[in-house]
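Below is one structure; the comments refer to it alone.
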Amino acid sequence: MSPPPDPLLDALRACVGAPYVLAPDAPPAELEPYERDWRGRQRGRARAVVRPGNTAEVVAVVRACAAAGAAIVPQGGNTGLVLGGVPDPSGTEVLLCTRRLNRIRALDAANLTLTLEAGCVLQTAQQAAADAGLWLPLSLASEGSCTIGGNLATNAGGTQVLRFGNARDLCLGLEVVCPSGEVWHGLGGLRKDNTGYDLRHLYIGSEGTLGILTAATLKLQPQAAAQGCAWVGVPSLQAALDLLALAQRQLGPGLSGFELMGQLALQLVAQHFPELRPPLWPHWPYCVLIELSESAAPEQAQALVHSRLQALLQTALEQGCAADAVLAETLAQAQRLWHMRECIPLAQAQEGLNAKHDISLPISRIPAFCAEAEALLAQALPGARLVNFGHLGDGNLHYNVQCPTGADAAAFLRQHEARINALVFDCVQRHGGSISAEHGIGTLRAATLPRYKDAQALALMRQIKQALDPLGLLNPGRVLVRA
Ligand SMILES: Cc1cc2nc3c(=O)[nH]c(=O)nc-3n(C[C@H](O)[C@H](O)[C@H](O)COP(=O)(O)OP(=O)(O)OC[C@H]3O[C@@H](n4cnc5c(N)ncnc54)[C@H](O)[C@@H]3O)c2cc1C
């Protein structure tokens, strides 16, 4: 017997038009991109997938769902790594995809701002800025698919945080559809506005639990006149930290990237992308990618970048915090080095499921944390492989544990993931760190959060959720477990 017709589906079709609503009996191949998470860890089931094309349609959808008491899961590019933007398996949640909200609304070159809709893909936003001779300094390996709304909802980090901060630091204004269907018109290009509580910061990083972001105003920068990078082999983690301190002193604010790549992370790149051949691998336990951006007059900038990086490498080799180094001679070479770094998560995905930890620590604690966690893991799970890489300049490691070579990754995770997580996160806590640096909490970490988060902070978060979404319609169970 087929299930009874769902009146909400007709209501949603009336809001956005029938072509933009998928019912649960749509072909699985059409539903899968919305229902399965990027890592393939969860295949949920949506009551409907709805794709509004403008803010008014988002309002109509939110009101229709509220009237039916249906929970809404906002989704942008579905590249999130903590199961925040996919429906659960209950078949009761409506998936609201923002990707049709993809218009650039305004670029104000004199104010250095870009106002655009939340479903714009990050790369499209970067290009819009570049077309105007400006720069949007937000860059992630998923930038070809992730959206501005998703970046802000997760307060994404990426490779430019060292100089320009997280997505939060780049956002000057928001337009948000509240769970009641009211719209907060908070767009604007002000760098100073002390007129009460800054709601923008409440919504940024709220992972779709407080409102649906429909548009944003982002800060731009003048385009760097030249960028260059160096790939450095370092003899130890402490040497990588010494190199960071040296680069900060010697390069000053021009230092725009400082990425760490462990030997095993690069081995996976070499294995799954053999055409890439990472330099200096496997001779050193870690390699570091250093980026310098200069805004001097264009005709001098490239030469300046090159000579400043060269001088840095010379000092680093003399002081012993670098063991060997490669300096990109051309823009194409620099892009190739970045590409190798960005391929690490893709190579890991090809290697199979792993226990991922997106952690942050005071930079000074990183060597002690790594030594302790590595020893504990080796003792608890002999043969488990540690894939350690990340944004060292921000104190952010992707500290991932892969099953022993040849083992069944899924079975390994089923058996050991909870133990591995507890071991790593307890160690993070002992060293004053955070269990989520940039990916967020989603459902993956919601049950874990209370163990590591200040109890009063959690209580305040619950009060905010209750005040802004009293019916609990937006992304229930994400960030905060259901009461
Ligand atoms: C290969 C790869 C590399 C990555 N590298 C990084 C990295 O360096 N740094 C980093 O921070 N992250 C990284 N990520 C994680 C992810 O890409 C980012 O978090 C990205 O910002 C998510 O954007 P999205 O549009 O795909 O969001 P989604 O995955 O669709 O959603 C993520 C969360 O945001 C909510 N959401 C999405 N859109 C909205 C909206 N308009 N309004 C309200 N809530 C919304 C969802 O409900 C969900 O909770 C990476 C992911 C991959 C796959």
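The values are calculated or read from the model by the stated rules, or taken from the named source; none is laboratory data. Please read these numbers as outputs of a predicted model, since none were measured by experiment. Glycine also receives a Cβ, built like all others from the backbone with ideal geometry; neighbour counts cover every protein chain displayed.
Observations on the structure shown:
- The set of residues in the stretch 225-259 that are surrounded by fewer than 21 Cβ atoms within 10 Å (Cβ to Cβ), touching a helix residue (DSSP H, G or I) at 6+ places or on another chain (Cβ under 9 Å) and of a type in the set (D, E, K, R) contains only ASP242.
- Looking only at the stretch 110-141, and only at residues there that are buried (at least 24 other Cβ atoms within 10 Å of the Cβ) and within 8 Å of the ligand (Cβ to nearest atom), the one that is farthest from LEU218 (Cα to Cα): GLY119
Residue by residue, here is whether (1) assigned by TED's automatic domain parsing to the domain that holds CYS120; (2) within 12 Å of the ligand (Cβ to nearest atom); (3) without any contact (Cβ under 8 Å) to a residue 40 or more places away in the chain holds:
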residue	(1), (2), (3)
GLU30	no, no, yes
VAL61	no, no, no
ALA71	no, yes, no
PRO74	no, yes, no
GLY80	no, yes, no
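- Taken over the stretch 82-98, the criterion of being on the phi < 0 side of the Ramachandran plot, more than 10 Å from the ligand (Cβ to nearest atom) and surrounded by fewer than 24 Cβ atoms within 10 Å (Cβ to Cβ) is satisfied by ASP88, PRO89, SER90, THR92.
- Long-range neighbours under 7 Å by Cβ, at least six apart or interchain, first residue closer than 12 Å to LEU276 by Cα within the stretch 330-351, second within 12 Å of the ligand (Cβ to nearest atom): ARG341/GLU259; GLU342/ALA141; ILE344/PHE389
- Residue in the stretch 329-348 that is closer than 18 Å to ALA422 by Cα, at pLDDT below 95, of a type in the set (A, V, I, L, M, F, W, C) and touching a His at 6+ places or on another chain (Cβ under 9 Å) present: no
- Residue check for GLU175: touching a residue at least 12 places away in the same chain (Cβ under 8 Å), touching a Phe, Trp or Tyr at 6+ places or on another chain (Cβ under 9 Å) and within 11 Å of the ligand (Cβ to nearest atom): yes
- Residue identified as assigned by TED's automatic domain parsing to the domain that holds CYS171, touching a strand residue (DSSP E or B) at 6+ places or on another chain (Cβ under 8 Å) and in contact (Cβ under 8 Å) with a residue 60 or more places away in the chain among LEU218, LEU255, LEU292: LEU218
- Against the conditions (1) in a loop (DSSP other than H, G, I, E, B); (2) under 14 Å from the mean Cα position of the chain (by Cα); (3) not hydroxyl-bearing (Ser, Thr, Tyr), GLY150 satisfies every one except (1).
- Cross-chain or 6+ apart pairs with Cβ under 9 Å, the stretch 353-371 first and under 12 Å from HIS431 (Cα atoms) and assigned by TED's automatic domain parsing to the domain that holds THR405, then assigned to a loop (DSSP other than H, G, I, E, B) and among the charged types (D, E, K, R): SER360/GLU438
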